[in-house]
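Just below is one structure, and these are the notes that go with it.
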Amino acid sequence: MTDKTMTPDEVISRLRSGMTLGIGGWGSRRKPMALVRALLRSEITDLHVISYGGPDVGLLAAAGRIRKLTAAFTTLDSIPLEPHYRAAREQGTLELTEIDEAMFMWGLHAAANRLPFLPVRAGIGSDVMRVNPHLRTVTSPYDDGEEFVAVPALRMDAALVHLNRADRLGNGQYLGPDPYFDDLFCEAADTAYLSCEQLVDTADLTKDHTPQTLLISRHTTTGVCETPNGAHFTSCAPDYGRDEAFQRHYATTPYAQFAARFLSGDEQHYQSQVQAWHKEQQ
């Protein structure tokens, strides 16, 4: 039993340039944005990012930190295509492997189970195979002889995820309607770092909620940090919804201008500038 609490900057100090980094959440929902902002304050670059992409990918791409991206999509949900991701693709500044959502999920499963690949039907007969010529197929060894896509394992050096609650041991709890695949990200990575809205005692995790809400086990986490409002501007239901007004501002503001105001200081600076911006809109 080890206290795994860290600050966001301590988490980022354990990462390095050139690594493969998984980022949990889904689109513009429950992204570990405080950890992403801490990453942007570092000099880490040349990353291979694996993500059901949202503004995590957009910010890192705009800052020139991504060498390669593996994703099923990169969206802000209410804004269909993440604008900084779009710009990076149009400018050719990152390499992309874009696969079907189900293929992505089974790539996580393969990595979590330390398998080189898993066979899936998703992708057969689609352009996924054409645009990803490195993908291979396998034939069932049984009488059916069916052909499957051999989805390679999405192994990662590190993963960053965000949940509603956690304890100091690294157990993580989600309270919203969807677990997404944060548990698989942690299991598929060599190291995993969990940020949360609130650190609580272990006994309090199940005092008012069922054990099924315990998504992440301490044996898969390397560190945990408390980051209130740490998923902003993405949603973290039921604690808060997506900040749609601020997301629109992000999506329509040149990155350099956005970064100068909101990303030029620490997390407290970011949160205070967001509050100030909202007051200006009244």
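The values are calculated or read from the model by the stated rules, or taken from the named source; none is laboratory data. This is a predicted model, so every value here is computed, not measured. Note that we place each Cβ from the backbone using ideal geometry, even for glycine, and neighbour counts take in every protein chain shown.
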Selected residue [outside the structural domain of PRO32 (by TED's automatic domain parsing) and either under 19 Å from PHE73 (Cα atoms) or touching a Cys at 6+ places or on another chain (Cβ under 9 Å) (or both)] from LEU160, LEU135 = LEU135
How many residues, within segment 228-247, are at negative phi and in contact (Cβ under 8 Å) with a residue 40 or more places away in the chain?
-> 13
Meets criteria (in a helix (DSSP H, G or I) and assigned by TED's automatic domain parsing to the domain that holds GLY230) for VAL36 = yes
Just give me the residues in segment 208-227 being part of a loop (DSSP other than H, G, I, E, B) and surrounded by 15 or more Cβ atoms within 10 Å (Cβ to Cβ), in sequence order.
-> HIS209, THR221, THR222, THR227
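Yes/no per residue for (1) modelled with pLDDT of 95 or more; (2) not hydrophobic (A, V, I, L, M, F, W, C):
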position	(1), (2)
VAL131	no, no
SER140	yes, yes
MET156	yes, no
VAL161	yes, no
GLY172	yes, yes
Give the residue that is farthest from MET105 (Cα to Cα), with candidates limited to residues of segment 30-74 that are in contact (Cβ under 8 Å) with a residue 60 or more places away in the chain and surrounded by fewer than 21 Cβ atoms within 10 Å (Cβ to Cβ).
-> ARG41
Per the filter on segment 119-139, residues out of contact with any Asp or Glu (no Cβ under 9 Å at 6 or more places or on another chain), among the charged types (D, E, K, R) and farther than 19 Å from THR70 by Cβ are none
What are the residues in segment 168-188 that are in contact with a helix residue (DSSP H, G or I) (Cβ under 8 Å, 6 or more places away or on another chain) and either free of Cβ contacts under 8 Å to residues at least 40 places away in the same chain or not in a loop (DSSP other than H, G, I, E, B) (or both), if any?
-> GLY172, GLN173, ASP183, LEU184, PHE185, CYS186, GLU187, ALA188
Checking ASP204 against (1) over 17 Å from TRP26 (Cα atoms); (2) in a helix (DSSP H, G or I); (3) acidic (Asp, Glu); (4) touching a strand residue (DSSP E or B) at 6+ places or on another chain (Cβ under 6 Å), the condition it does not meet = (4)
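Looking at this structure, is PHE233 buried (at least 22 other Cβ atoms within 10 Å of the Cβ) and either outside the structural domain of VAL49 (by TED's automatic domain parsing) or part of a helix (DSSP H, G or I) (or both)?
Answer is no for this residue.
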Within segment 110-132, how many residues are basic (Lys, Arg), more than 12 Å from ALA153 (Cα to Cα) and either assigned by TED's automatic domain parsing to the domain that holds LEU184 or exposed (fewer than 12 other Cβ atoms within 10 Å of the Cβ) (or both)?
-> 1
Limited to segment 163-178, what total is found for residues that are out of contact with any Gly (no Cβ under 6 Å at 6 or more places or on another chain) and either not small (Gly, Ala, Ser) or not assigned by TED's automatic domain parsing to the domain that holds LYS207 (or both)?
-> 11
Taking segment 248-263 and keeping only residues that are closer than 15 Å to ALA88 by Cα and either of a type in the set (D, E, K, R) or free of Cβ contacts under 8 Å to residues at least 40 places away in the same chain (or both), one is left with PRO254, ALA256
